[in-house]
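Following: one structure in structure tokens, then a few remarks.
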Amino acid sequence: MQIPRHLLPHDGRFGSGPAKIRPEALTHFVKHADLLGTSHRKPPVKQLVSRIRGSLSELYQLPDDYEVVLGNGGASLVWDMATCCLIENRCHFGVFGEFSRKFANAVSRADQLSTEIAEAAAGKIALPPAGEADSYAWAHNETSTGTIAPVERNYPGLILVDGTSAAGGTLLDVTTTDLYYFAPQKNFSSDGGLWLAFASPAAIDQAEQIAKTQRWIPDMLNFLLALDNSRKNQTLNTPAISTLLLLEAQLNWLDQLGGLSAAAERCAKSSGLLYHWAQHSDYATPFVADPAHRSPVVATIDLSESVDAGKLISILRDNGIVDVDPYRSLGRNQLRIGCYAAVDPDDVAALICCIDYVVERM
Ligand SMILES: *Cc1c(COP(=O)(O)O)cnc(C)c1O
């Protein structure tokens, strides 16, 4: 089935991660291509890292005593790093999807640590149970289900928040967290492989206390080594310079757009179009029942049984509209649409027209 050209979005990338990279970011990349293949310990790349750390501090109006830390390995590495370096004895988790579950699982496997987990069914949210622990962890935005959770400092220990798909597209008061970490292949419209984090003095202090104990910590998972390198605008080992350049391009663009609030507005506009459409459609409904928990950056839309989501997704793909599949293990008759900052709300409007066009003819 061919969708008429005039209905198609200009850019058909709606993945929830890796996600659309703005074509303009590639212009920035090409302009600075002479950095590729040069040492990350020499001024040009260190200045690039410094600019990224500075732009992130500005984007989030980071308090003076918070630090931007980065390293290789993506957001997943942070789970193992926190297991080794940040959680002293006990961590409580809110689990409400695959990403928040992965962190809880990683810590549960560490013999020296204990956990307590509050879990919610897919489409709902769960915050960590109250009670004594030294760390509390949950995801700001659960990318697997399209739910957003509040980020508040309601606990006595470190607050470790996975901001991977929320960062750069939703508002946040960083002071409510001790480690707010993310990877750049979502709202930051870059490639994967890198992790970044905002670390509070309390997080650094707890890591320093743990480092004094006999605990074995591999270098790649050593938070204090990463911090030490970050302060010098380096990474422990070789980073992908292309990822850094694309990230810088997006940070510059977000700044021009009007910063975090403008980015958040743009994402909310895109996802709002989808939720509004689904509420009024006779074959689609927002998957997340509570509007307050519907993600502004990853919209999940359930389809009625009369519409085969798999077939719809494959027809869309044939027409250049890609990656609107639901999360693998969720197993629902669903569309999941990345509404990140790089995605044009007009393209989301066009996507909705294309979905209606195909479903009417399926
Ligand atoms: C994508 C994602 C991750 C995994 O990121 P990687 O960089 O691939 O490790 C973790 N958490 C959340 C919430 C995500 O959306």
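The values are calculated or read from the model by the stated rules, or taken from the named source; none is laboratory data. Nothing here was measured: the structure is a model prediction, and the numbers come from that model. Note that we place each Cβ from the backbone using ideal geometry, even for glycine, and neighbour counts take in every protein chain shown. Only protein heavy atoms, including side chains, enter the accessible area calculation; ligands, DNA and RNA are left aside. Shrake-Rupley method; radii C 1.70, N 1.55, O 1.52, S 1.80 Å.
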Give me the pairs, please: first residue somewhere in segment 57-70 and over 16 Å from R231 (Cα atoms), second residue anywhere and part of a strand (DSSP E or B), beta-carbon distance under 7 Å, and either six or more positions apart or on two chains.
Y60/F198
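One line per residue, one yes/no per condition, for (1) of a type in the set (A, V, I, L, M, F, W, C); (2) touching a residue at least 12 places away in the same chain (Cβ under 8 Å); (3) buried (at least 18 other Cβ atoms within 10 Å of the Cβ); (4) more than 17 Å from V45 (Cα to Cα):
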{"position": "P218", "(1), (2), (3), (4)": "no, yes, no, yes"}
{"position": "N233", "(1), (2), (3), (4)": "no, yes, yes, no"}
{"position": "N237", "(1), (2), (3), (4)": "no, yes, no, no"}
{"position": "L260", "(1), (2), (3), (4)": "yes, yes, yes, yes"}
{"position": "A264", "(1), (2), (3), (4)": "yes, yes, yes, yes"}
{"position": "D302", "(1), (2), (3), (4)": "no, yes, yes, yes"}
Segment 133-188: number of residues that are within 16 Å of the ligand (Cβ to nearest atom), closer than 30 Å to T285 by Cβ and either open to solvent by 10 Å² or more (accessible area, probe 1.4 Å) or of a type outside the set (G, A, S) (or both)
19
Output yes when any residue across segment 196-216 is crowded, with 18+ Cβ neighbours inside 10 Å, within 11 Å of the ligand (Cβ to nearest atom) and at pLDDT 95 or above, and no when none is.
yes
Any idea how many residues of segment 246-269 are under 30 Å from D356 (Cα atoms) and out of contact with any Phe, Trp or Tyr (no Cβ under 8 Å at 6 or more places or on another chain)?
7
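Among the residues of segment 1-32, which ones are assigned to a helix (DSSP H, G or I) and exposed (fewer than 13 other Cβ atoms within 10 Å of the Cβ)?
Matches in segment 1-32: R5, H6, P23, T27, V30, K31.
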Flag if A349 is among the aliphatic types (A, V, I, L, M) and under 23 Å from A167 (Cα atoms):
no
Residue within segment 109-121 that is open to solvent by less than 20 Å² (accessible area, probe 1.4 Å), modelled with pLDDT of 95 or more, in contact with a helix residue (DSSP H, G or I) (Cβ under 8 Å, 6 or more places away or on another chain) and under 20 Å from S76 (Cβ atoms) present:
yes
Could you list, in sequence order, the residues of segment 304-330 that are closer than 15 Å to G17 by Cβ, surrounded by fewer than 23 Cβ atoms within 10 Å (Cβ to Cβ) and touching a Phe, Trp or Tyr at 6+ places or on another chain (Cβ under 8 Å)?
V322, D323
Looking at (1) touching a residue at least 40 places away in the same chain (Cβ under 8 Å); (2) within 23 Å of E142 (Cα to Cα); (3) not in a strand (DSSP E or B), can you tell me which one K311 breaks?
(2)
